[in-house]
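Below: one structure, written as structure tokens.
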Amino acid sequence: MNTSADFQMVCANCGCLGTKIEDPEQASREAIVYCGDCGVSRGTVGALRDLAVRPKAHAVLPIVQRAKVNSYIKLVAQHNELQSLRRKVQMAESRRKP
């Protein structure tokens, strides 16, 4: 078993966690695993299987770059603010209608 992490848990191109494997039940170890969002190669089925059976497999997640995390946090905050403003506008409009 290969113990190196030759599989990208998080897509380096778009940050997606989703994966796509053609015919996963019949896939060989050499079959390519693609990003579920942008389609970039993330590694092989064999590397993914090796990673899944490693002791403490949950501890191999790469550290997400702080800039990406901060951008995500800002985006979520902006989304929440937008939703709040939309609710306020809807309430104000519903009070104006006779």
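Exactly one residue out of G46, G36 is at pLDDT 85 or above, over 16 Å from the mean Cα position of the chain (by Cα) and surrounded by 12 or more Cβ atoms within 10 Å (Cβ to Cβ): that is G46.
The residues of the stretch 19-56 that are out of contact with any Cys (no Cβ under 7 Å at 6 or more places or on another chain) and small (G, A, S), listed by number, are A27, S28, A31, G39, S41, G43, G46, A47, A52.
Of all the numbered requirements in (1) surrounded by 11 or more Cβ atoms within 10 Å (Cβ to Cβ); (2) among the charged types (D, E, K, R); (3) at pLDDT 85 or above, D6 misses one, and that requirement is (3). Residues in the stretch 70-98 that are open to solvent by less than 100 Å² (accessible area, probe 1.4 Å) and at pLDDT below 65: there are none. Taking the conditions (1) open to solvent by 100 Å² or more (accessible area, probe 1.4 Å); (2) at pLDDT 85 or above in turn, C11 satisfies each one other than (1). Filter the stretch 1-51 for residues that are outside any loop (DSSP other than H, G, I, E, B) and over 27 Å from Y72 (Cβ atoms) and give the result. Matches in the stretch 1-51: I32, T44, V45, G46, R49, D50. A59 fulfils the conditions (1) at pLDDT below 75; (2) open to solvent by 100 Å² or more (accessible area, probe 1.4 Å) except for a single criterion, (2).
The values are calculated or read from the model by the stated rules, or taken from the named source; none is laboratory data. Quantities reported herein were computed from a predicted structural model and do not represent experimental measurements. All Cβ positions, glycine included, derive from the backbone under ideal geometry; neighbour counts span all protein chains shown. Quick note on the areas: whole protein, heavy atoms, side chains included, nothing else; ligands and nucleic acids left out. Shrake-Rupley method; radii C 1.70, N 1.55, O 1.52, S 1.80 Å.
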